[in-house]
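The values are calculated or read from the model by the stated rules, or taken from the named source; none is laboratory data. No experiment lies behind these values; they were computed from the predicted model shown. Don't worry about glycine lacking a Cβ; one is built from the backbone with ideal geometry, like all the others, and counts go over all protein chains shown.
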Amino acid sequence: MSQKMNEYGQPIGETVSEWGPAQLPPRVLMQGRFCRLEPLDILTHVDELFEAFSSGEAGGLWTYMPMGPFAEVAELKSWMDAACAGEDPVFYAVINELTGKAVGFASYLRINPAVGLIEVGFIVFSPQLQKTAMATEAMYLMMRCVFDELGYRRYEWKCDALNAPSRKAALRFGFSFDGIFEQATIYKGRNRDTAWYSILDRDWPTMKTAFTQWLAEDNFDEQGQQKQVLSQPLAKAQSNQV
């Protein structure tokens with residue numbers, strides 16, 4: 001495709017004429033098959049979240065987060081009171097459909113409807129949620145809301161560049177690696193180089209097909225184990241974008 005030029009012979013970006021602005025994320029229920037996302041309510045969810053975050057396998061859960069760990073439920077509640085009640089970030093609790101209990105949370109943040117930019121972050125998944133169909137579905141529900149319902153152009157994921165599990169998860173969920181911003185911030189007295197990832201609206205239709213294929217009931221056996229890994233339909237979808 002030829003580069004668009006202005007009257008001075010300078011290359012410029014394509015005109016954005018049939019878009020936006022996007023909408024602010026609403027505090028509404030997002031229903032899935034394995035889980036649902038509920039607007040985070042401190043009184044409703046804090047005890048269940050503290051219990052989920054305090055399991056014996058939760059060591060290191062807060063290493064790459066700007067908050068935590070929390071030794072007592074009152075400490076978690078205090079942080080939630082200060083951080084989770086505003087308009088940005090907008091937090092959602094991940095509820096296990098089988099137990100009805102909160103097992104993690106995530107948020108939309110750095111929300112800029114005017115240019116169609118939004119980020120997913122403050123993702124804290126307890127051991128009961130990590131590496132499960134619930135985790136994948138929770139991320140899918142948030143993506144679907146961003147692109148299909150709210151009309152954003154770019155969806156971002158950022159993490160400490162040393163956080164290998166988060167970087168692996170970003171790629172597994174279909175985000176593309178954008179690069180490393182060195183010395184991007186300081187948290188817990190430590191330097192953080194930030195790894196950036198993104199999904200663009202033009203990539204979403206094929207990615208949505210891949211997610212719905214993976215989440216379909218016939219992709220799981222009687223024990224609830226996946227028959228096809230998510231990377232297979234996503235790889236196929238991404239190859240079709242080239």
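Take the residues in the stretch 61-88 that are in a helix (DSSP H, G or I) and of a type outside the set (D, E, K, R); name whichever of them is nearest to Ile111 (Cα to Cα).
Ala83
Filtering the stretch 29-60 down to residues that are part of a loop (DSSP other than H, G, I, E, B) and in contact with a strand residue (DSSP E or B) (Cβ under 7 Å, 6 or more places away or on another chain), which residue is surrounded by the most Cβ atoms within 10 Å (Cβ to Cβ)?
So, considering only residues that are part of a loop (DSSP other than H, G, I, E, B) and in contact with a strand residue (DSSP E or B) (Cβ under 7 Å, 6 or more places away or on another chain), the one surrounded by the most Cβ atoms within 10 Å (Cβ to Cβ) is Leu40.
For the stretch 92-135, which residues satisfy the criterion of being polar (S, T, N, Q), in a loop (DSSP other than H, G, I, E, B) and surrounded by 16 or more Cβ atoms within 10 Å (Cβ to Cβ)?
Start the filter on the stretch 92-135 by keeping residues that are polar (S, T, N, Q), which leaves 96, 99, 107, 112, 126, 128, 130, 132.
Next, from what is left, pick out any that are in a loop (DSSP other than H, G, I, E, B): 99, 126, 128, 130, 132.
Residues satisfying the conditions are Ser126, Gln128, Gln130, Thr132.
Which pairs have Cβ atoms under 6 Å, sit 6 or more apart or on different chains, and link a residue in the stretch 196-211 that is assigned to a strand (DSSP E or B) to one that is among the aliphatic types (A, V, I, L, M) and crowded, with 17+ Cβ neighbours inside 10 Å?
Partner pairs satisfying both residue conditions: Tyr197/Ala170.
Need the failing condition index for Thr44 against (1) out of contact with any helix residue (DSSP H, G or I) (no Cβ under 9 Å at 6 or more places or on another chain); (2) under 25 Å from Leu162 (Cα atoms), just the number.
The one condition Thr44 does not meet is (2).
Working only within the stretch 105-161, note down all residues that are among the charged types (D, E, K, R), over 22 Å from Thr194 (Cβ atoms) and at pLDDT 95 or above.
Selection gives Glu137, Arg144, Asp148, Glu149.
Only one of these conditions is not met by Gly174: (1) crowded, with 17+ Cβ neighbours inside 10 Å; (2) on the phi < 0 side of the Ramachandran plot; (3) small (Gly, Ala, Ser). Which number is it?
Condition not satisfied by Gly174: (2).
Could you tell me which of the residues Met67, Met80, Met143, Met139 is free of Cβ contacts under 8 Å to residues at least 60 places away in the same chain, closer than 14 Å to Leu37 by Cα and aliphatic (A, V, I, L, M)?
Met139
Which of (1) under 11 Å from the mean Cα position of the chain (by Cα); (2) within 20 Å of Trp19 (Cα to Cα) is the odd one out, the single condition Thr136 does not satisfy?
(2)
For Tyr152, only one of the following conditions fails: (1) within 30 Å of Gly20 (Cβ to Cβ); (2) surrounded by fewer than 19 Cβ atoms within 10 Å (Cβ to Cβ); (3) of a type outside the set (A, V, I, L, M, F, W, C). What is its number?
Exception for Tyr152: condition (2).
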